[in-house]
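These notes concern the structure reproduced below.
The values are calculated or read from the model by the stated rules, or taken from the named source; none is laboratory data. Keep in mind the model is a prediction, meaning the values are calculated, not measured. FYI the Cβ positions are ideal-geometry reconstructions off the backbone, even for glycines, and counts take in every protein chain you see. The accessibility values were calculated without ligands, DNA or RNA, using every heavy atom of the protein model including side chains. Shrake-Rupley method; radii C 1.70, N 1.55, O 1.52, S 1.80 Å.
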Amino acid sequence: MSSTAFKGSIDVKKAAEILLEEGLLREVAHNGFWTRDPQKAPEKVFSKITYDSRQAGNDTLLFCKGNFSPEYLKSAKNAGCSAYVSETDFPEITGMTGIIVNDVRKAMAVLAAFFYDYPQKSLKIAGITGTKGKTTTAYFTHAILNAASGGKAALFSSSDNCIDGHTYVESELTTPESLDLFSLMREAVENGMEYAVVEVSSQAYKVNRVYGLTFDAGAFLNISPDHISDIEHPTFEDYFYCKTQIAQNSRVLIRGIDLLHSNIVDECAKMRSIDVKTFAVRAENDPEEETSTKAASQNSKNADIQAVYSKAGNPVFKIIDGGKNSENPQPGEIKLSTEGTFNGANLAAAIAVAKTLGINDFSAWRAAQNVTVPGRMEYFSSPDGIEAYADYAHNYISVKNLIDYVIKKYEESESQDKKIRITVVTGSVGNKAVDRRKEIIQAAQENAHRIIITSEDTNDEPFEKISREMISYLTNESVKVSVVEDRREAVETAYREAVENSDFHNVLLVIGKGSEKWIKKLGKHVPYEGDDAIIRRLFGLD
């Protein structure tokens, strides 16, 4: 995609010098000789860096991260690789230079930044974290920055990466590995990009994918328990702590006005003399409606950027810039293409980020109204009146918000000649985030009439085990639940039952996969039609 092929370079001496300055270098080892003096390191120059031993060859510096085996290094050496960076030396692999460090992921981040000539210096960068809404906020922000700059904004999200302002390529991680992130940012700079929007996961800070990166605007949207497992975060406290790192690694912090434990986030920012801005979504006539506490709802009127709505089913938001204390609040309306009252908060956050980056033009802010994020609150309506949403909802708060919104929209609709009947088609991932299994069922059974449990990125954990566990959390006996392992068949079953129950107003909520065209099984992506594509086919919308 890049117009100019960038050629990076790094040598052992420079790598050792950078790592020594960062306090990461232990020693450089070569054929039994150890040194901490960069000038005594071997003369080796590399034109390629990688953490994949299969890609290592001549002139390659290899980073040994994760569950790295000596066999991988032997294979790399046989391919011509002569140096590696690792937390462990491999004396049995003779003839290679080892740069031994205290933390290989941090080392990879700082050396990748140097190798790609610090692309962050040429970009204004926004980082966005939170439990829910990160991707939607990132897309809104990207659209606004693109509108203001004439298409010169890059995007790195859990859905897609975009390094030329208009071409979207499906991503593999919410936040790329540091080496990949700096490489992509360099390509973006070579493509003439001036801005970059980075979706920042808790794992990005947990495993140092954004180590050394300071965001010009960092947004902390919200927080609720998620990603709690043996291989992610052992506790909510650890999850929250990782998220708070953005408060100390941003030039300006933007946070939700009712962010849980906001006092800690503000304290983190204050320790670094970082200015804090706030955003909020609120109802025009009932400010307490969308907040968990009365105090929070009252504070929402003081937020720096506010998205104010008058009707839950109508995604029109009046934007107030500056809160009630502003001399020039500049109210204006934006109608989103994406439904969901909660998306008003994502819109307000995106505008606050853009404003922090110097975008004060309301016409640019309005670019968010044209954004439809694949697989997120995608709405469908069939010719026979059945409604459906494909969404990535995957924990208690996101599932509850979705169902509450659907009910509120129905209650405020002009036609209520039939009772609403909600069917939830859901699964839960294998091997991690086991807390979601209980949360999804707890949220769904509050107001859903039917739950169909199906497969969702089971990886190598048996689907039967996951489904049995999810069923065990069902306590509402009035909710009918069944298991259909094949996800395509599960969606088709939900649709067929909706047709058979035409005396009701049927709403299908197919959650967890959105627009993804694969299901992860045994470490591999198995092709899948996609929740959104199945709904379109069943509704005859293709």
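Can you name the residue in the range 408-422 that is modelled with pLDDT of 85 or more and exposed (fewer than 15 other Cβ atoms within 10 Å of the Cβ) and, of all such residues, is farthest from the chain's Cα centre (by Cα)?
Within the range 408-422, the first condition is being modelled with pLDDT of 85 or more, and the residues that meet it are 408-411, 418-422.
Within this subset, residues satisfying the condition of being exposed (fewer than 15 other Cβ atoms within 10 Å of the Cβ) are 411, 418-419.
Details: 411: 32, 418: 38, 419: 36 Å.
Only one residue fits best here, namely 418.
Considering each of 165, 212 in turn, give the residue that is closer than 29 Å to residue 52 by Cβ, in contact (Cβ under 8 Å) with a residue 24 or more places away in the chain, surrounded by fewer than 20 Cβ atoms within 10 Å (Cβ to Cβ) and over 15 Å from the mean Cα position of the chain (by Cα).
212
Okay, residues lined up against (1) touching a Lys or Arg at 6+ places or on another chain (Cβ under 8 Å); (2) open to solvent by 20 Å² or more (accessible area, probe 1.4 Å); (3) outside any loop (DSSP other than H, G, I, E, B):
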| position | (1), (2), (3) |
| --- | --- |
| 193 | yes, no, no |
| 208 | yes, yes, no |
| 237 | no, yes, yes |
| 241 | no, yes, yes |
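Given the range 46-149, what strands (runs of 3 or more DSSP E) lie entirely inside it while holding 2 or more residues that are of a type outside the set (Val, Ile, Thr), open to solvent by less than 50 Å² (accessible area, probe 1.4 Å) and in contact (Cβ under 8 Å) with a residue 12 or more places away in the chain?
Result: 60-63, 83-86, 124-129.
Mind checking whether some residue in the range 155-169 is over 29 Å from residue 278 (Cβ atoms), among the hydrophobic types (A, V, I, L, M, F, W, C) and at pLDDT below 95?
Taking every residue of the range 155-169 in turn, at least one turns out to be over 29 Å from residue 278 (Cβ atoms), among the hydrophobic types (A, V, I, L, M, F, W, C) and at pLDDT below 95.
Select from the range 484-522 the residues that are open to solvent by 50 Å² or more (accessible area, probe 1.4 Å) and either under 29 Å from residue 174 (Cβ atoms) or part of a helix (DSSP H, G or I) (or both) and list them in ascending order.
485, 486, 488, 489, 496, 499, 500, 517, 520, 521, 522
Which one of 273, 292 is at pLDDT 95 or above and part of a loop (DSSP other than H, G, I, E, B)? Give the steps one after another, and end with the answer.
Values: 292 fails: at pLDDT 95 or above.
From the options 273, 292, the qualifying one is 273.
Which pairs have Cβ atoms under 6 Å, sit 6 or more apart or on different chains, and link a residue in the range 363-378 that is closer than 12 Å to residue 319 by Cα and surrounded by fewer than 21 Cβ atoms within 10 Å (Cβ to Cβ) to one that is modelled with pLDDT of 95 or more and not small (Gly, Ala, Ser)?
What qualifies is 366/334.
Determine, yes or no, whether residue 316 is on the phi < 0 side of the Ramachandran plot, surrounded by fewer than 16 Cβ atoms within 10 Å (Cβ to Cβ), of a type in the set (Val, Ile, Thr) and over 21 Å from the mean Cα position of the chain (by Cα). Don't jump to the end; show me each part of the working.
Details: on the phi < 0 side of the Ramachandran plot: yes; surrounded by fewer than 16 Cβ atoms within 10 Å (Cβ to Cβ): yes; of a type in the set (Val, Ile, Thr): yes; over 21 Å from the mean Cα position of the chain (by Cα): yes.
For residue 316, the condition - on the phi < 0 side of the Ramachandran plot, surrounded by fewer than 16 Cβ atoms within 10 Å (Cβ to Cβ), of a type in the set (Val, Ile, Thr) and over 21 Å from the mean Cα position of the chain (by Cα) - is met.
Out of the residues in the range 35-45 meeting the condition of being in a helix (DSSP H, G or I) and not basic (Lys, Arg), tell me which one is least open to solvent (accessible area, probe 1.4 Å).
38
Give 436, 421 a once-over and let me know the one that is part of a strand (DSSP E or B) and of a type outside the set (Ser, Thr, Tyr).
421
Taking residue 28 as meeting all but one of (1) without any contact (Cβ under 8 Å) to a residue 40 or more places away in the chain; (2) outside any loop (DSSP other than H, G, I, E, B); (3) touching a helix residue (DSSP H, G or I) at 6+ places or on another chain (Cβ under 8 Å), write down the number of the exception.
It is condition (1) that residue 28 fails.
Residue by residue through the range 451-465, note down the ones that are touching a Ser or Thr at 6+ places or on another chain (Cβ under 8 Å) and buried (at least 22 other Cβ atoms within 10 Å of the Cβ).
451, 452, 453, 454, 456
Inspect the range 202-215 for any residue being more than 24 Å from residue 110 (Cβ to Cβ) and not acidic (Asp, Glu) and give the result as yes or no. Walk me through it before giving the result.
Looking only at the range 202-215, we keep the residues that are more than 24 Å from residue 110 (Cβ to Cβ), and these are none.
No, the conditions are met nowhere in the range 202-215.
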